[in-house]
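**Student:** What follows is a single structure, and I will ask about it in a moment.
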Amino acid sequence: MRRFLALVVLVHAAIHLLGVAKAFRLLDLPQLPITIGPLAGVWWGVAAVLLTVTAVGIQRDAPWMWAIGLVALLASQIAIATAWQQASAGTLVNALLFLVVFNAWRRPPADRLDRAYATAVATVRPARIAPELVTEADLAPLPELVRRYLRITGSVGRPRVENFRAVTRGGIRASSTEGYMPYLAEQFNRIGGATRLYLMHARKLGVPVSVYHRYAEEQATMQVRALDLVTIVDARGEAMDKSETVTVFNDRSIFAPASLIDSAITWTVVDDSVVRATVNGAKQRVSAFLKFAPSGELVDFWSDDRGALGPDGKQVTWMRWSTPVSAYKEFAGGRRLASRGEARWHAATGVYTYLTVEIESVESNVTSTGAVATAAAAPVSARTPAVAGA
């Protein structure tokens, strides 16, 4: 279908080139009864070039096609208007092009960050998982607040979490004075080996923006691209490594409570509703506070070890970061987790929410076949314990 549409647009471009030839008398075209002046001829030429680029974009399923295509059809329609009586039929092709452009804008194809994310996930997703079940004995080293949290989330009696995949949506903004951009995100986290791969698609003033976070070996990068053409942010460095280590622990606390059974985490009881966790990695050491409701549900998480990136992705402002969560419900595998949350910066000028989150799905222990592993899938002797530290 793409080839057919590309061919139609390419023929449309060729007809515009004939208009250029007619305007400048480059060819004798008695079969083309159109009167086009030199100035209009230049416009017909511009439309022809843009339509040709659009045809290439359609053929390649390029993420930028819709933007060039929109400009091309506007240029084409203006050119047609200069010789409306003879060329009005070209409007039908532009109407078809509008449908193609609108559909591409509404559902953009995979860009290079999509491909980078998919490749990275394929690399860390195992072919087979046979985790041990979490038992009451495993909870013994944990504070009572954390033990109760693991029980109410359905972690006890189910497999340890070695990885998880989550799909979220919501709104994101850069400051408290801006409106939210809608987004859809997917992430894949591996617990052992401390890996976090996060891909977000958002829209800024209608323009598709892709965001890709990669955390591995306690090092983090973030790329932001618009239309798959312009790199807006390419961030990395020690500050980001530390900040993303906090994010990884936050993910574990919300999406994979069973992963909190980890000798690399040091727990301190603050009061009857709050505990402090210190995550001791090979390169990074971060702390966070977890607050629980009387029901045992995690309701808030905050840390002073995460920094806010500036618009250029280079400057970092250290401030408190928190993620209150709520609306617990059952997800795949019978795990009861929070389904709604926010991310907030506690700036000197006041606290503001920069991210709203609706958790659509969470799958634990995902293999390369797409299946969700269960402890019952292998005999006890074949099971290996989860390696903590993600």
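The values are calculated or read from the model by the stated rules, or taken from the named source; none is laboratory data. Because the structure is a prediction, the values reported are computed rather than measured. Note that each Cβ is placed from the backbone with ideal geometry, even for glycine, and that neighbours are counted across all protein chains shown.
**Student:** Give the residue that is nearest to LEU197 (Cα to Cα), with candidates limited to residues of the range 76-123 that are of a type in the set (A, V, I, L, M) and in contact with a Phe, Trp or Tyr (Cβ under 7 Å, 6 or more places away or on another chain).
**Tutor:** So in the range 76-123, the residues of a type in the set (A, V, I, L, M) come out as 78-81, 83, 87, 89, 92-93, 95-97, 99-101, 104, 110, 113, 116, 118, 120-122.
This time we only want the ones that are in contact with a Phe, Trp or Tyr (Cβ under 7 Å, 6 or more places away or on another chain), so: 78-79, 101, 104, 113, 116, 121.
On the way: ILE78: 45, ALA79: 47, VAL101: 30, ALA104: 25, LEU113: 11, ALA116: 10, VAL121: 7 Å.
Ranking the candidates gives VAL121 first.
**Student:** Another one. Here is a list: ARG148, ARG115. Which entry is in contact with a Gly (Cβ under 8 Å, 6 or more places away or on another chain), among the charged types (D, E, K, R) and not in a loop (DSSP other than H, G, I, E, B)? I'd like the intermediate steps shown before the answer.
**Tutor:** Working: ARG115 fails: in contact with a Gly (Cβ under 8 Å, 6 or more places away or on another chain).
That would be ARG148, the only listed residue that is in contact with a Gly (Cβ under 8 Å, 6 or more places away or on another chain), among the charged types (D, E, K, R) and not in a loop (DSSP other than H, G, I, E, B).
**Student:** Can THR119 be described as outside the structural domain of ALA47 (by TED's automatic domain parsing) and either aromatic (Phe, Trp, Tyr) or without any contact (Cβ under 8 Å) to a residue 40 or more places away in the chain (or both)?
**Tutor:** Taking the combined requirement at face value, the residue satisfies it.
**Student:** Restricting the search to the range 119-136, which residues are surrounded by 11 or more Cβ atoms within 10 Å (Cβ to Cβ), within 15 Å of ARG214 (Cβ to Cβ) and hydrophobic (A, V, I, L, M, F, W, C)?
**Tutor:** Answer for the range 119-136, where residues must be surrounded by 11 or more Cβ atoms within 10 Å (Cβ to Cβ), within 15 Å of ARG214 (Cβ to Cβ) and hydrophobic (A, V, I, L, M, F, W, C): ALA120, VAL121, VAL124.
**Student:** Could you grab me the full set of residues in the range 250-291 that are surrounded by fewer than 17 Cβ atoms within 10 Å (Cβ to Cβ), outside any strand (DSSP E or B) and of a type in the set (S, T, N, Q)?
**Tutor:** Selection gives SER263, SER273.
**Student:** Counting only residues that are buried (at least 20 other Cβ atoms within 10 Å of the Cβ) and more than 16 Å from the chain's Cα centre (by Cα), which one in the range 159-202 is farthest from GLU132 (Cα to Cα)?
**Tutor:** Ranking the qualifying residues of the range 159-202, first place goes to ALA194.
**Student:** Can you tell me which condition SER322 does not meet? The list is (1) buried (at least 19 other Cβ atoms within 10 Å of the Cβ); (2) over 25 Å from GLY192 (Cα atoms); (3) among the hydroxyl-bearing types (Ser, Thr, Tyr), and all the others hold.
**Tutor:** Exception for SER322: condition (2).
**Student:** Of all residues in the range 335-349, which are modelled with pLDDT under 95 and either within 21 Å of the chain's Cα centre (by Cα) or not hydroxyl-bearing (Ser, Thr, Tyr) (or both)? Outline the logic, then answer.
**Tutor:** Of the residues in the range 335-349, the ones modelled with pLDDT under 95 are 347-349.
Matches in the range 335-349: ALA347, ALA348.
**Student:** So, one more: Find the residue count for the range 122-143, including only residues that are touching a residue at least 40 places away in the same chain (Cβ under 8 Å) and either in a helix (DSSP H, G or I) or within 20 Å of GLU186 (Cβ to Cβ) (or both). Walk me through how you get there before you give the answer.
**Tutor:** In the first step, residues of the range 122-143 are kept if they are touching a residue at least 40 places away in the same chain (Cβ under 8 Å); the result is 122, 124-134, 138-139, 141-143.
Those left that are additionally either in a helix (DSSP H, G or I) or within 20 Å of GLU186 (Cβ to Cβ) (or both): 122, 124-126, 129, 138-139.
Of the residues in the range 122-143, 7 are touching a residue at least 40 places away in the same chain (Cβ under 8 Å) and either in a helix (DSSP H, G or I) or within 20 Å of GLU186 (Cβ to Cβ) (or both).
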